[in-house]
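Novice: Submitted below is the structure of interest, expressed as structure tokens.
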Amino acid sequence: MAALGKIAKSREAGDEQAAVKAFEQEFMPQVEAYHKGVDEFAALQGQRLNASIREQQASEWTVFWTGNAVVAVLLMLAAVLMVRLASHIKARLRESVELAHAVAGGDLTARSRYRGGDEFGVLMRSMDAMAESLGSVVRNVRQGSDQISGASSEIAQGNQDLSERTERQA
């Protein structure tokens, strides 16, 4: 800052006019150049700040829309999985109802075709076991009925024989 030295020397020498002239012609242009540089720097920083704000906003919108797209894809995937699950459940329920109707209608040989390891598999195996157990009960009742029928026939035949012998003796 040579201008400040010149102003100081002029004032020490008592030459106020030379000090004012050095101030106006040398020091003030430097101050104005400094202010201009500061203003340009501030404008540049303002431009950079505005650009940074725009970039940040664009980034936020990108994140927002990407997040929404991911959520939409996940919702669609969940909907597809729910439809498939509902279809699976309906098919298994329909099969178990058909099996129950067949057994209720007297078809004790009806069996489930589903052998899954889930709850429906357990239900179907239980229904198969129930049909098998009912079939066993019916077979046992038939055998008992056949035995009773045979015994009844033998008793009837014995009564007939006894009746004939009694008539011959009389």
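The values are calculated or read from the model by the stated rules, or taken from the named source; none is laboratory data. Remember, predicted model here, so these are calculated numbers, not experimental data. Counting neighbours? That spans all protein chains shown, and the Cβs are built from the backbone with ideal geometry, glycine included. Note: accessible area is taken over every heavy atom of the protein model, side chains too, but ligands, DNA and RNA are not part of it. Shrake-Rupley method; radii C 1.70, N 1.55, O 1.52, S 1.80 Å.
Novice: What longest region of the chain stays clear of trypsin sites (Lys or Arg not before Pro) that DSSP places outside H, G, I, E and B and that have at most 10 other Cβ atoms within 10 Å? Present the calculation step by step, with values, prior to reporting the outcome.
Specialist: On the way: sites that count: Arg113, Arg115.
The longest uninterrupted stretch comes out as 1-112.
Novice: Additional query: Whole-Hz ³J(HN,Hα) for each residue in the stretch 69-83, computed from phi via Karplus 6.51 cos²θ - 1.76 cosθ + 1.60 with θ = phi - 60°, x for glycine and proline: what do you get?
Specialist: 5, 4, 4, 4, 5, 5, 5, 5, 4, 4, 5, 4, 5, 5, 5
Novice: Where nothing but the Cβ of Lys and Arg (+1) and of Asp and Glu (-1) is charged, how large is the charge dipole of the chain around its Cα centre, in debye to the nearest 20?
Specialist: Roughly 360 debye for the chain.
Novice: If you don't mind, there's one more thing I want to ask. What residue among Ser87, Ser136, Ser145 shows peak mean-square fluctuation when the chain is described by a Gaussian network model with Cα springs under 10 Å?
Specialist: So, out of Ser87, Ser136, Ser145, the one fluctuating most is Ser145.
Novice: Work from the charge dipole of the chain (Cβ charges, +1 for Lys and Arg, -1 for Asp and Glu, about the Cα centre) and give the residue of Gln57, Tyr114, Ser136 farthest towards its positive end.
Specialist: Ser136
Novice: Kindly write out, for the stretch 41-58 in residue order, the coupling ³J(HN,Hα) from the Karplus curve 6.51 cos²θ - 1.76 cosθ + 1.60 (θ = phi - 60°), rounded to whole Hz, with x marking Gly and Pro.
Specialist: Residue by residue, the stretch 41-58 yields 5, 4, 5, 4, 5, x, 5, 4, 4, 4, 5, 5, 4, 4, 4, 5, 5, 4 Hz.
Novice: I've got another one for you. Determine the share of the chain's accessible area contributed by carbon and sulfur atoms, expressed in whole percent, with a 1.4 angstrom probe.
Specialist: On the way: 8100 of 13440 Å².
Within the chain, the accessible surface is 60 percent carbon and sulfur.
Novice: I've got another one for you. Ignoring solvent entirely, what values of log10 I(q)/I(0) come out of the Debye formula for the stretch 32-73 at 0.16, 0.26, 0.32, 0.34 Å⁻¹ when each Cα is a single scatterer?
Specialist: Rounded to two decimals, the profile gives -0.55, -0.80, -0.93, -0.97.
Novice: While we're here: For the stretch 13-170, what's the radius of gyration and Dmax over Cα atoms, in angstrom?
Specialist: When restricted to the Cα atoms of the stretch 13-170, Rg and Dmax are 51.5, 184 Å.
Novice: Would you mind getting the accessible area per residue of the chain, heavy atoms of the protein chains only, 1.4 Å probe, in Å²?
Specialist: 79 Å²
Novice: Let me ask you something else. Picking from Gly158, Gly144, Gly106, which is most flexible by a Gaussian network model of the chain using Cα springs under 10 Å?
Specialist: Looking only at Gly158, Gly144, Gly106, the largest GNM fluctuation is found for Gly158.
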